[in-house]
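What follows is a set of notes on a single structure, which appears directly below.
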Amino acid sequence: MSKKLYGCLVVLCLAAVVSGGCAKKDMVKPEEQTPATQVVPPPAPMTEGAKAAAAPAAQPVAETQAKEQNVAQETPQQGGAAQPALEGALQKIYFNFDSADLSSEARTTLSKNADLLAKQQGVSVRIEGNCDERGSDEYNLALGERRAKAARDYLVNLGVKAERISVISYGEEKPVDQGHDEAAWAKNRRDEFVIVK
């Protein structure tokens with residue numbers, strides 16, 4: 001008899017556990033579930049036709065991104081990485097002995113430099129006047145300044161704003177060629193263009 005009683009108790013306990021679990025499920029209403037606990041069914045697999053229909057929707061996004069990249073490349077840079085490239089593109093001009101007059105070759109070079117500066121409106125430039133080693137230090141500093149100012153005035157006449165251009169003279173302090181002959185001196189009689197911002 002005790003085995004029968006024991007068996008009945010086990011069955012009753014199992015029935016209570018099963019019915020208690022079901023009662024708890026019924027107590028939570030579907031409307032009361034929070035979004036975090038709601039189960040979202042997985043999306044149905046797409047057919048080839050549905051994939052083809054969805055593809056054009058993604059294409060305009062890719063096209064828009066490509067257009068934005070092209071516009072960014074065409075837009076003039078305001079300093080940054082464009083500065084070293086621009087500085088390398090700005091060409092030096094050269095002068096005759098004891099002269100600050102612009103040769104026709106120097107004017108052509110300055111016109112090219114003005115075109116480059118027109119494309120980079122946010123960039124300012126410093127014109128550095130240089131001389132060869134002949135003459136006193138004071139004379140060469142004054143001559144280098146006249147050379148830098150001559151280039152600045154020409155760029156301003158071509159439309160570059162004067163406030164974007166500064167000048168400095170190094171006289172004979174910064175030779176590019178250390179030689180003591182006409183070939184070296186001709187290289188040292190120059191204006192250089194340096195990006196300052």
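The values are calculated or read from the model by the stated rules, or taken from the named source; none is laboratory data. If you're wondering where the values come from, they're calculated on a predicted model, not measured in any experiment. Note that each Cβ is placed from the backbone with ideal geometry, even for glycine, and that neighbours are counted across all protein chains shown.
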### Message
Looking at (1) farther than 26 Å from Trp185 by Cα; (2) out of contact with any Asp or Glu (no Cβ under 9 Å at 6 or more places or on another chain); (3) modelled with pLDDT of 95 or more, which one does Gln78 not meet, given that it meets all the others?
### Response
(3)
### Message
Report every pair of residues separated by at least 6 positions or lying on different chains whose Cβ atoms are under 6 Å apart, first residue within the range 93-112 and within 15 Å of Ala142 (Cα to Cα), second surrounded by 13 or more Cβ atoms within 10 Å (Cβ to Cβ) and of a type outside the set (A, V, I, L, M, F, W, C).
### Response
Phe95/Arg147; Phe95/Arg189; Ala100/Arg146; Ala100/Arg147
